[in-house]
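The values are calculated or read from the model by the stated rules, or taken from the named source; none is laboratory data. None of the values given here were measured: they were computed from a predicted structure. Here the Cβ positions follow ideal geometry from the backbone for every residue, glycine too, while neighbour counts run over all protein chains shown.
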Amino acid sequence: MWDEYCYQGKPLLTPASTSKLCLSISHVITNWLKSFPEEIIPNILIRLPIKSIIKFTSVSRSWNSTIKHPSFIRTHLNYKLSSNDQNSTQLLLLHTVHSEDTSSPFGRFHFSGFKQDPYSLHYDNNGVTECCKVEFPVALKEELINPCFRVVGTCNGLVLLADDHGRYGYTFVLWNPCVRKYVTLPKPSVRFSTHGGYDASLGLGYDDVGNDYKVVRLTSLLDYPGESPMTLAQVYSLANRSWGMLRVLPPCLVPCSWVQACVGGALHWLALRWLDDDHFNYFVVAFDVGSESYREIMLPKSFRTEKTLELRLCASGDRKSIALFVRSKSEFDGFLDIWVMKEYCIEKSWTKLMILTPQGPKRSLPEALCFRRIGEVVLVLEDSRELVSLDIGSKLFKNLGISGGQVCSVDFYEESLVLLERKDAVSY
């Protein structure tokens with residue numbers, strides 16, 4: 001049959017013919033599945049592409065109920081994760097913001113001449129080839145205070161979006177582009193109108209025991225009358241559809257410009273604590289999503305403590321531990337250090353993998369974004385804003401042919417059916 005539609009490897013189908021062929025195939029598969037006993041249907045469905053599974057919700061009420069049941073969605077996710085690991089078909093979610101110029105006073109981005117902020121999925125392969133463009137729900141853009149959302153992080157197919165790029169905003173969204181659904185969170189308790197100036201950091205994680213997705217918000221109060229800012233933690237539960245009680249963390253500052261890393265069921269942020277008038281130290285705040293408990297992880301003892309340093313935390317390539325990028329843009333001794341904690345929570349296992357110095361005739365220093373699963377690091381070049389992949393072993397750069405825009409985020413992504421069953425989720 002394929003020969004009827006192809007000639008020398010070139011498709012001859014018109015869009016109308018393609019649609020008709022897809023409907024025919026769908027009809028054949030549907031009738032085939034109907035011939036199987038009900039008890040084995042879920043085992044067949046979890047192996048199908050997500051778009052097909054969603055279409056099969058309209059086959060019958062029983063199929064709709066099966067596919068939208070939380071246990072099926074969880075089983076499908078586990079199968080998908082296992083299958084992707086075996087076949088090395090992992091994805092990356094890329095979000096780039098393009099504008100005429102940016103500024104970052106107090107760690108907050110301000111865009112002038114905002115143009116666009118496309119989302120796209122890419123295969124985490126040798127060339128980071130594009131899988132597809134991601135359609136963004138237009139209705140969400142109407143709620144924005146800032147020009148665009150910031151991608152805080154991803155977890156099991158969910159993307160956490162925050163309207164906090166520049167001005168204080170309180171629109172936080174859990175979005176699943178695969179099922180084309182999203183949930184807008186209620187406003188948190190700590191806002192400028194209630195507590196004055198603050199720095200807020202967010203994270204998204206999964207409570208495996210409670211089968212619940214949680215958003216954790218750490219807010220450091222800048223107007224707090226003390227030697228060190230008061231930092232408050234608040235957790236949103238998707239299962240309960242609400243924010244929990246505020247709790248006070250030990251004195252520290254969690255700057256809003258530092259991203260989080262989700263590893264081993266815990267969210268991690270960089271924080272700092274003042275020791276006296278002239279000294280302070282950096283450390284990692286770890287918040288366990290399941291138990292909602294807090295702990296601290298120390299940074300390498302040889303780590304230089306300077307206010308001029310740019311720090312970024314991320315998950316390691318195997319996603320079993322954390323990694324740290326330390327960047328100094330000093331005119332005389334600029335560098336980019338790449339650290340990995342080889343054994344999670346074992347502070348002695350911090351290892352400096354390499355030191356990068358300014359590259360090229362203009363002596364520019366790239367900005368590190370994240371580790372890839374193959375162990376390479378994604379960086380954005382300072383001058384051209386192009387994305388490159390750095391092989392740690394060979395120290396060779398590979399241009400990915402992707403523009404990083406003025407602001408760029410790259411996150412691991414897994415396709416899932418999460419939110420498909422929720423009646424309170426908005427479809428688009």
For the stretch 44-56, pairs from a residue that is on the phi < 0 side of the Ramachandran plot to a residue that is in a loop (DSSP other than H, G, I, E, B) and exposed (fewer than 15 other Cβ atoms within 10 Å of the Cβ), with Cβ under 9 Å and 6 or more apart or across chains, are I44/F36
The condition from (1) surrounded by 13 or more Cβ atoms within 10 Å (Cβ to Cβ); (2) farther than 30 Å from D424 by Cβ; (3) more than 23 Å from the chain's Cα centre (by Cα) that P255 misses is numbered (3)
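Does T231 satisfy the condition of being touching a helix residue (DSSP H, G or I) at 6+ places or on another chain (Cβ under 9 Å), polar (S, T, N, Q), assigned to a strand (DSSP E or B) and more than 16 Å from C345 (Cβ to Cβ)?
On the way: touching a helix residue (DSSP H, G or I) at 6+ places or on another chain (Cβ under 9 Å): no; polar (S, T, N, Q): yes; assigned to a strand (DSSP E or B): yes; more than 16 Å from C345 (Cβ to Cβ): yes.
In short, no.
Okay, residues lined up against (1) more than 20 Å from C132 (Cβ to Cβ); (2) touching a residue at least 12 places away in the same chain (Cβ under 8 Å); (3) aliphatic (A, V, I, L, M):
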position: S330; (1), (2), (3): yes, yes, no
position: V340; (1), (2), (3): yes, yes, yes
position: I346; (1), (2), (3): yes, no, yes
position: P366; (1), (2), (3): yes, yes, no
position: D391; (1), (2), (3): yes, yes, no
position: V407; (1), (2), (3): yes, yes, yes
position: F412; (1), (2), (3): no, yes, no
message: For the stretch 282-299, check the following and say yes or no: at least one residue is among the charged types (D, E, K, R) and either farther than 28 Å from G197 by Cα or surrounded by 15 or more Cβ atoms within 10 Å (Cβ to Cβ) (or both).
response: yes
Item to check | Flag for D199 being part of a loop (DSSP other than H, G, I, E, B) and either acidic (D, E) or under 19 Å from F109 (Cα atoms) (or both) | outcome: no
A careful count of residues in the stretch 122-138 that are modelled with pLDDT of 95 or more and over 30 Å from D391 (Cα atoms) gives 3
Just one listed residue, out of L400, L369, L419, is at positive phi and of a type in the set (A, V, I, L, M, F, W, C), and it is L419
Scanning the stretch 133-168 residue by residue, the ones that are among the hydrophobic types (A, V, I, L, M, F, W, C) and either closer than 22 Å to E376 by Cα or in contact (Cβ under 8 Å) with a residue 60 or more places away in the chain (or both) total 7
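Quick one: is S99 hydroxyl-bearing (S, T, Y) and loosely packed, with under 14 Cβ neighbours inside 10 Å?
Taking the combined requirement at face value, the residue does not satisfy it.
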